[in-house]
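Each remark here refers to the structure printed beneath this line.
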Amino acid sequence: MNENVLGIIAGVLTSISMIPQLVKVIREKNVEDISLLMLLVLICGLSLWVWYGFIKDELPIILSNSFAVGVNLCLLFCYSIYNKKK
């Protein structure tokens with residue numbers, strides 16, 4: 001299998017992995033089961049992958065991880081809105 005195809009498939013799968021969680025949070029307006037620390041660490045890690053993608057000039061890494069950062073930032077935004085432990 002071509003390494004670019006493999007990278008694109010891996011990027012798509014990891015990028016969409018949090019979408020079901022985001023949809024569930026939006027529908028239920030409940031973030032009790034979301035770990036804020038996990039979310040922050042994930043966003044930092046994905047952001048570093050984007051930076052790495054720019055350094056290596058690898059568009060699949062940049063695009064897939066940028067999308068994942070966006071999804072997780074939306075989840076973080078929902079966390080700030082729906083968190084009842086304020």
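When segment 29-70 is filtered for residues that are in a loop (DSSP other than H, G, I, E, B) and under 26 Å from Asn83 (Cβ atoms), the ones remaining, listed by number, are Lys29, Asn30, Val31, Glu32, Asp33, Ile34, Ser35. Please give the number of the condition Val12 fails out of (1) modelled with pLDDT under 90; (2) open to solvent by less than 70 Å² (accessible area, probe 1.4 Å). Every listed condition holds for Val12 apart from (2).
Scanning segment 5-15 for residues that are without any contact (Cβ under 8 Å) to a residue 12 or more places away in the chain and under 15 Å from Asn72 (Cα atoms) yields a count of 1. Listed conditions (1) over 18 Å from Leu73 (Cβ atoms); (2) in contact (Cβ under 8 Å) with a residue 24 or more places away in the chain; (3) open to solvent by 60 Å² or more (accessible area, probe 1.4 Å) are all met by Leu59, apart from (2).
Residues checked against (1) touching a strand residue (DSSP E or B) at 6+ places or on another chain (Cβ under 7 Å); (2) exposed (fewer than 14 other Cβ atoms within 10 Å of the Cβ); (3) touching a residue at least 40 places away in the same chain (Cβ under 8 Å); (4) among the basic types (Lys, Arg):
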{"residue": "Glu3", "(1), (2), (3), (4)": "no, yes, no, no"}
{"residue": "Ile19", "(1), (2), (3), (4)": "no, no, yes, no"}
{"residue": "Arg27", "(1), (2), (3), (4)": "no, yes, no, yes"}
{"residue": "Ile34", "(1), (2), (3), (4)": "no, no, yes, no"}
{"residue": "Leu46", "(1), (2), (3), (4)": "no, no, no, no"}
{"residue": "Ile55", "(1), (2), (3), (4)": "no, yes, no, no"}
{"residue": "Asn72", "(1), (2), (3), (4)": "no, no, yes, no"}
{"residue": "Asn83", "(1), (2), (3), (4)": "no, yes, yes, no"}
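The residues in segment 6-28 that are farther than 12 Å from Ile61 by Cα and assigned to a helix (DSSP H, G or I) can be counted, and the count is 12.
The values are calculated or read from the model by the stated rules, or taken from the named source; none is laboratory data. On a predicted model such as this, the values are computed, not experimentally measured, just so you know. All Cβ positions, even for glycine, are placed from backbone atoms using ideal geometry, and neighbour counts span all protein chains on display. All accessible areas refer to the heavy atoms of the entire protein, side chains included, with ligands and DNA or RNA removed. Shrake-Rupley method; radii C 1.70, N 1.55, O 1.52, S 1.80 Å.
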